[in-house]
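Below is one structure, written out as structure tokens; comments come after it.
Throughout, read-outs are computed from the coordinates displayed, never taken from laboratory work. For clarity, every value in this text was computed on a predicted model and none was experimentally measured. FYI the Cβ positions are ideal-geometry reconstructions off the backbone, even for glycines, and counts take in every protein chain you see.
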Amino acid sequence: MVARLTEGHRRESLAAIPDWNWDEARDAITRRVTFKDFNEAFGFMARVALIAEKADHHPEWSNVWNRVEILLTTHDAGGLSQRDIVMAQAIDALL
Ligand code: H2B
């Protein structure tokens, strides 16, 4: 069972992923990425999808043409967990 990050741990973890913002209402992290066009955006989503499936940890996300908005939170923990931080770093590595 994965544990929800404590406030101190969360603050520490967020410092390592500066492109992500904490959504207090959801206890989640979000990031918006803009690409050249839809083709680039969807190619990125396809890569993230494979990583998510491998990690068994899936984003809540939306796509409008060249823009992708991603929200990460751990449903099993009822909020932000280390899995979200690891997933955010894996996503950042694609960009
Ligand atoms: N993704 C996210 N974001 N949070 C979860 O708690 C989660 C998940 N749980 N993907 C996984 C799937 C769980 O439902 C399966 C059964 O392992």
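Here are the numbers for this structure:
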item: Folded to 0 to 90 degrees: helix 38-55 orientation relative to the chain principal axis, Cα; result: 40
item: CD proxy at 222 nm, helix term only [per DSSP H run n ≥ 4: -39500 (n - 2.57); per residue of the chain; nearest 500]; result: -12500 deg cm²/dmol
item: For region 1-57, diffusion coefficient by Stokes-Einstein and Kirkwood Rh (Cα), 25 °C, 0.890 mPa s, µm²/s; result: 181
item: FRET efficiency, TRP65 to GLN89 (Cβ-Cβ, R0 22 Å, nearest 0.05); result: 0.25
item: Volume per residue that the Cα convex hull of region 7-93 spans, once the total is divided by residue count, Å³; result: 84
item: Sequence ranges 28-38, 45-55, ranked by mean other-Cβ count within 10 angstrom, highest first; result: 28-38, 45-55
